[in-house]
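Below is one structure, written out as structure tokens; the observations come after it.
The values are calculated or read from the model by the stated rules, or taken from the named source; none is laboratory data. Predicted model only: the values in this text are computed from it and were never measured. FYI the Cβ positions are ideal-geometry reconstructions off the backbone, even for glycines, and counts take in every protein chain you see.
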Amino acid sequence: MDSHFDLMIAGGGLVGNCLALALKDSGLKIAVVEAASRQQQQQSPAGDRALALAAGTVQLLQSLGAWEGVAQQATAIKQIHVSDRGHFGKTRLSAQQQGVEALGYVITAREIETHVADLVAQTQIQYFYQTRVAGLISDDAQINVHLKQDNGESLNLTAALLVGADGGQSSVRQLLQIDQQQTEYGQTALVTTVESSLPHNNTAYERFTAFGPLAFLPVTGKRTAVVWTRSHEQAESLMAGGEADFLAELQACFGYRLGTLKLAAPRRAFPLSLIRAEKMVAERAVIIGNAVHQLHPVAGQGFNLSIRDVAELAEALIQQHQNQADIGEAGFLNHYAKHRQQDHSQTIGFTDNVVRIFSNQWLALAALRNTGLTLLDHLPFAKQLLAKHAMGLARRLPNLGG
């Protein structure tokens, strides 16, 4: 068995596998380390969650050859309807007005994760399932990675670069002693799927309420994926009550634009906070995706931001390798981190501001934001700019080939 790699990726979820797929033809010798088994990944409840993929994200998945195989399982977002419950303001975005086929797509995490994992399995990339990163030591030439497997065995591998793509509880981040900044919103996301008596017509709804945002994302048939933000106390009460009480409250909060609603999936609850690592790089290591940032789901930007981490890192690694330069060199990694900083700050700042502005019932602020929504709906240039950000097309997309 090989013990040295150019690149080791800790985390065989969607982010780690997308990076591996992007680099499959780069000439780099790659290993992926994943704590779960393939079966555990496929059966995880987290796979039920709906991912809102921006148009820019779909372009990147297309460049990886990872979209065509799941496109039929995805539901196009043709319109986005933004409103403020109990107030006059609203804004509508349309794919037709923007001259695009769709503003984005909705797909279950399990469908896209399974497909990308299947594609990686067809490559020469070496995979270590049920294996955890237990220790790290780096020097000028390489990073030494101590691994522990579920069968009790240990492995010691080395690499020029280690990428931590191992999620919000990242072992790599913790072993690198990278601190986090955490902001508590005092909110919990209630996640489920409902079936409506009226068709959704491929419209995504973002409704701001006194307690937090409520999103309805179109999926197959007359079903919509729901992400409903409430205070911790309200969420606990809604989860403890029966389905009828839950549905009655949800119906009252959203209204009857989609007719009557009924539950089509179990209810789940996730406490919400903004978490951001204080840095992305350490000696011969870089962290990406949820290992470095976890966002409020209000604008659906979490995975879209993560895939841009992947795409820009892959583009940089390919160029560095083609130049026969060290992919773990500190200056190279710092340049990548600095380049990602603007996108992180803008996306996280936008998401955080939306949460704070639209979860506030101060009358003066409510009047101001509703005036803003109404003006936005009547200003083509401003609406086009908002649409570009919603579609993830406000920044240059990396060229991954494929």
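Before moving on, here are some points about what is shown:
- Hey, Tyr256 among the hydroxyl-bearing types (Ser, Thr, Tyr) and free of Cβ contacts under 8 Å to residues at least 12 places away in the same chain or not: yes
- Pairs where the first residue, in the range 301-328, is part of a loop (DSSP other than H, G, I, E, B) and the second is of a type in the set (S, T, N, Q), C-beta under 7 Å, 6+ apart: Gln301/Thr347; Gln301/Thr351; Ile327/Gln320
- Checked against the criteria, Ala159 does not count as touching a Phe, Trp or Tyr at 6+ places or on another chain (Cβ under 7 Å) and at pLDDT below 90.
- Total residues in the range 16-40 satisfying the condition of being surrounded by 16 or more Cβ atoms within 10 Å (Cβ to Cβ) and either over 25 Å from Phe270 (Cα atoms) or within 17 Å of the chain's Cα centre (by Cα) (or both): the figure is 16.
- Flag if Leu263 is of a type in the set (A, V, I, L, M, F, W, C) and farther than 30 Å from Leu333 by Cβ: yes
- Exclusive hit being over 23 Å from the mean Cα position of the chain (by Cα), among the basic types (Lys, Arg), surrounded by 15 or more Cβ atoms within 10 Å (Cβ to Cβ) and within 23 Å of Ala52 (Cα to Cα), set Lys262, Lys222: Lys222
- Of all residues in the range 194-205, none satisfies being assigned to a helix (DSSP H, G or I) and either under 16 Å from Ala52 (Cβ atoms) or not polar (S, T, N, Q) (or both).
- One residue stands out among those in the range 283-319 that are modelled with pLDDT of 95 or more and out of contact with any helix residue (DSSP H, G or I) (no Cβ under 7 Å at 6 or more places or on another chain): the one that is nearest to Gln346 (Cα to Cα), which is Glu315.
- Qualifying positions in the range 98-109 - touching a residue at least 24 places away in the same chain (Cβ under 8 Å) and either out of contact with any Gly (no Cβ under 7 Å at 6 or more places or on another chain) or surrounded by 20 or more Cβ atoms within 10 Å (Cβ to Cβ) (or both): Gln98, Val100, Glu101, Ala102, Leu103, Gly104, Tyr105, Val106, Ile107, Thr108
- In the range 164-178, the residues that are more than 18 Å from Asn144 (Cβ to Cβ) reach residues that are among the polar types (S, T, N, Q) and modelled with pLDDT under 95 with C-beta atoms within less than 6 angstrom, at least six apart or across chains, in these pairs: Gly167/Asn290; Gly168/Asn290; Gly168/Gln294.
- Of all residues in the range 79-99, exactly one satisfies the criterion of being at pLDDT 85 or above and among the β-branched types (Val, Ile, Thr), namely Ile80.
- Top-ranked residue in the range 7-46 [being farther than 19 Å from Leu157 by Cα and among the basic types (Lys, Arg); ranked as modelled with the lowest pLDDT]: Arg38
- All of (1) over 30 Å from Ala282 (Cβ atoms); (2) crowded, with 18+ Cβ neighbours inside 10 Å; (3) not aliphatic (A, V, I, L, M) hold for Ser138 with one exception: (1).
- Qualifying residue in the range 118-127 (condition: crowded, with 19+ Cβ neighbours inside 10 Å, touching a Phe, Trp or Tyr at 6+ places or on another chain (Cβ under 9 Å), over 15 Å from Ser3 (Cα atoms) and in contact (Cβ under 8 Å) with a residue 40 or more places away in the chain): yes
- For the range 156-193, a tally of residues being among the small types (Gly, Ala, Ser) and assigned to a strand (DSSP E or B) returns 5.
- Qualifying positions in the range 47-78 - buried (at least 20 other Cβ atoms within 10 Å of the Cβ), more than 25 Å from Thr123 (Cβ to Cβ) and at pLDDT 90 or above: Thr75, Ile77, Lys78
- Count of the range 209-252 residues, restricted to those that are at pLDDT 95 or above, polar (S, T, N, Q) and not in a helix (DSSP H, G or I), is 1.
- The lone criterion from (1) within 30 Å of Ala35 (Cβ to Cβ); (2) in contact (Cβ under 8 Å) with a residue 40 or more places away in the chain left unmet by Gly212 is number (1).
- Qualifying residue in the range 268-280 (condition: within 18 Å of the chain's Cα centre (by Cα) and in a loop (DSSP other than H, G, I, E, B)): yes
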